[in-house]
Amino acid sequence: MQMHPARPMRRKDRQIDEQQARELLARCQHGVLSTVGPEGEPYGVPISYALHGDEIVFHCAIEGRKLENLAASPRASFCVVGETELLPESFSIRYESAIAEGRVRELAGEEKLTALALLIDKYAPDYRKEGAEYIARAHQDTRVFAIAIETLSGKRRS
């Protein structure tokens, strides 16, 4: 992974290292993909995903705003939030989060099928056989993308 330096974090006392951020990214169930549209308008959408090496893979419909934005600009940000706990007595919250940034590319062929299998492994591990059958039957009805992670940072308040 060719990591580019992230902007300096304001609260360095809450910064977690890259390995901890990667573990959080692998552990979380959902995240928010943020893109920019053709006219510069921001768009954030919650998605299911899987971490695969130095990439975040996700699937989507064959048309829609997310795809229009990715066609306009392949750059994206992806954020996950792990465990949280409200601390009302101190007007605060315990949290952990990670943000990845990078370029998005569409997957095809074996890469696409592998990414779909990774999603089955993550979200339905007890149904791998049925998932493989579903992928074989319906993979042409979905598009699959990967975010090549260029920067990864994370924060935690304990």
| Residues of region 20-31 that turn out to be in contact (Cβ under 8 Å) with a residue 40 or more places away in the chain, farther than 11 Å from residue 100 by Cβ and among the hydrophobic types (A, V, I, L, M, F, W, C), as a count | 1
| field | Count of residues meeting criterion [closer than 16 Å to residue 58 by Cα and either exposed (fewer than 12 other Cβ atoms within 10 Å of the Cβ) or without any contact (Cβ under 8 Å) to a residue 40 or more places away in the chain (or both)] in region 115-142 | value | 9
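Looking at 77, 48, can you tell me which residue is in contact with an Asp or Glu (Cβ under 6 Å, 6 or more places away or on another chain), at pLDDT 95 or above and under 13 Å from residue 146 (Cα atoms)?
On the way: 48 fails: in contact with an Asp or Glu (Cβ under 6 Å, 6 or more places away or on another chain).
Unique residue meeting the criteria: 77.
Can you pull out every residue in region 80-94 that is surrounded by fewer than 17 Cβ atoms within 10 Å (Cβ to Cβ) and either part of a strand (DSSP E or B) or touching a helix residue (DSSP H, G or I) at 6+ places or on another chain (Cβ under 7 Å) (or both)?
Those that are surrounded by fewer than 17 Cβ atoms within 10 Å (Cβ to Cβ) and either part of a strand (DSSP E or B) or touching a helix residue (DSSP H, G or I) at 6+ places or on another chain (Cβ under 7 Å) (or both): 81, 82, 85, 86, 87, 92, 93, 94.
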| query | Looking at (1) surrounded by 12 or more Cβ atoms within 10 Å (Cβ to Cβ); (2) at pLDDT 95 or above, which is the only condition residue 3 fails? | reply | (2)
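One line per residue, one yes/no per condition, for (1) in contact with a Gly (Cβ under 6 Å, 6 or more places away or on another chain); (2) in contact (Cβ under 8 Å) with a residue 60 or more places away in the chain; (3) surrounded by fewer than 20 Cβ atoms within 10 Å (Cβ to Cβ):
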| position | (1), (2), (3) |
| --- | --- |
| 100 | no, yes, no |
| 150 | yes, yes, yes |
| 153 | no, yes, yes |
| 158 | no, yes, yes |
| query | How about region 53-64: which of its residues are surrounded by fewer than 16 Cβ atoms within 10 Å (Cβ to Cβ) and either on the phi > 0 side of the Ramachandran plot or at pLDDT 95 or above (or both)? | reply | 53, 64
| request: Would you check if there is a residue in region 103-112 being in contact (Cβ under 8 Å) with a residue 24 or more places away in the chain and closer than 16 Å to residue 25 by Cα? | output: no
| field | Residues that are among the aliphatic types (A, V, I, L, M) and in a loop (DSSP other than H, G, I, E, B), drawn from region 95-145 | value | 108, 124
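The values are calculated or read from the model by the stated rules, or taken from the named source; none is laboratory data. Note that the coordinates shown come from a computational prediction; the quantities given were computed from them, not determined experimentally. Reconstructed Cβ throughout: ideal geometry from the backbone, glycine too, with neighbour counts over all protein chains shown.
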